[in-house]
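Reading through the structure tokens given below for one structure.
The values are calculated or read from the model by the stated rules, or taken from the named source; none is laboratory data. Please read these numbers as outputs of a predicted model, since none were measured by experiment. Glycine also receives a Cβ, built like all others from the backbone with ideal geometry; neighbour counts cover every protein chain displayed. Only protein heavy atoms, including side chains, enter the accessible area calculation; ligands, DNA and RNA are left aside. Shrake-Rupley method; radii C 1.70, N 1.55, O 1.52, S 1.80 Å.
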Amino acid sequence: MSYMGVDIGTTGSKVTVINENGEIIYHDAMGYPLHLSEGVRAELFPGEMWSAFQTLVSRAGQTCEKKDPIRSLALSLLGEAVMPVDDRGVPLDNTLVSMDYRGGKQAQEIAEKVEPRMIYDQTGQHCHPMYSASKILWWKEITPEIFSRTWKFLCWEDFLSLKLCGKPFIDHSLATRTMFFDIQEKKWSVDILTSLDLSPDLFSEVIPSGIPIGPVLPKMVEELHLPPDIILVSGAWDQACATLGAGLHSSDVFLDSFGTTMCLGVCVDRPVLNQGLFHSGYQTTCFIFPGSYFVNGGSMNGGVLLKWYRDQLKEELRDKLVHERKDFFETTMETLDYTPSPLYMMPYFAGKGT
């Protein structure tokens, strides 16, 4: 018997299967493009992401089918990324990710309608265009034809929950990243949604992490080559999962997580919402354990800079990477020395961050 975890990221997805002894028995990864345009737009194509998910899960299911059949599946997911779907669960537009700032004007309007400190005290987040809220208001204002057809606005946890089990569920940590989830009451903030003229019906049911959602639908079991009795378990925001995986569960250990974005944080047993953190841009997000929270900040300029650098040199290094079977990072490090360079780069490719 084994357990599958799938990480849905900004530039790719990964799958890991562990057995009952906690040993990794399968791992795989697949990338997909982050589509950037017009300086403020950053989006993912749902079809490309779903295709990667299908491929990764199917390979894992087939590999583990005889020796260690997979008992459950849980997800780790990129935060803030959101898309509208119709009443059949079909995406009506692409997924807008954190670094998509097309909702900048709408974020300013939110701050005019709802006092920013009130947003912070209820949600633990700052009024900022990276969150789902500004993107949803952008759809409402700029593309009313899409907004009018929208059944739900879904992040990737509730979208995959809908695909796999027929019902959309989102956990506390990922719901926090929308900017309208009350982190103390553990429910959608009626105050904020009412101020923005948004109905709570546009969003999924919220549940804690680690809760069985239900059996995977038979058609998905067949399509993904999974055991017929496999269940989906609620997962969490990827930074919360990284924190748990690093072994953090108390305030005496600090996390520095480096992915497409870079996240800094510490676990606490109560919301920390003081004036200093408010002005510094730090957020307080629901964590995985009941009654726990994650005080976090960071920068969206993390591994995305390495990807940019790789893309500039990929033609120059193509033969070396292919014929010597080395990865890009290893090859790049071999060319560097420790002498400080006179060249400086200001890494504000996606805003400054905290």
Query raised in the report: Ignoring any ligand, DNA or RNA, what whole percent of the accessible area of the stretch 35-119 comes from carbon and sulfur when the probe is 1.4 angstrom?
Result: 48
Query raised in the report: Any idea which of S51, G281, S251 is furthest toward the positive side of the dipole for the chain, if Lys and Arg beta-carbons carry +1 and Asp and Glu beta-carbons -1?
Result: S51
**Report entry** Cβ crowding within 10 Å averaged over residues, with 66-72, 343-349, 301-307 ranked highest first
**Finding:** 301-307, 66-72, 343-349
Query - Solvent exposure ordering (accessible area, 1.4 Å, most first) of S299, S341 - result: S341, S299
Report task. Please find, in a Gaussian network model of the chain (springs between Cα atoms separated by less than 10 Å), the residue of S76, S234, S148 whose mean-square fluctuation is greatest. Result -> S148
Requested in this report: Would you compute, from DSSP H runs of 4+ residues alone, the mean residue ellipticity of the chain at 222 nm, taking -39500 (n - 2.57) per run and dividing by the full residue count, rounded to the nearest 500?
Outcome: -10000 deg cm²/dmol
Query raised in the report: Which entries of K105/K186; K152/K187; K113/K140 show an alpha-carbon separation above 20 angstrom in the structure shown?
Result: K105/K186
**Report entry** Gaussian network model of the chain, Cα within-10 Å springs - most flexible of D121, D93, D252
**Finding:** D252
Report task. Kindly report, to the nearest 10 Å², the accessible surface of W50 as traced by a 1.4 Å probe over protein heavy atoms only. Result -> 30
**Report entry** Using θ = phi - 60° and Karplus 6.51 cos²θ - 1.76 cosθ + 1.60, couplings along the stretch 118-133 (whole Hz; Gly, Pro as x)
**Finding:** 5, 4, 5, 5, 7, 9, x, 10, 9, 6, 8, x, 6, 7, 4, 4
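Order L196, L277, most accessible first, counting only protein heavy atoms with a 1.4 angstrom probe. Mind dumping the intermediate values first?
Numbers: L196 5, L277 40 Å².
Accessible-area ranking of L196, L277, largest first: L277, L196.
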Query - For the stretch 58-69, Karplus couplings with θ = phi - 60° (6.51, -1.76, 1.60), whole Hz, Gly/Pro x - result: 4, 4, 5, x, 5, 5, 8, 4, 8, 7, 9, x
Query - Most mobile of I119, I25, I192 in a GNM of the chain (Cα contacts under 10 Å) - result: I25
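In what sequence, largest accessible area first, do R88, R270, R177, R41 appear using a 1.4 Å probe? Each step should come with its number before you reach the end.
Details: R88 180, R270 150, R177 5, R41 70 Å².
Solvent-accessible surface, decreasing: R88, R270, R41, R177.
For the chain, give the share of DSSP beta bridges that are antiparallel, in percent and rounded to the nearest 5; count only bridges with both residues there. Present the calculation step by step, with values, prior to reporting the outcome.
Numbers: 45 of 61 bridges.
So the antiparallel bridges in the chain amount to around 75 percent.
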Requested in this report: Among T123, L313, L34, flag the residue with its Cα farthest along the positive direction of the charge dipole of the chain, charges on Cβ as +1 for Lys/Arg and -1 for Asp/Glu.
Outcome: L34
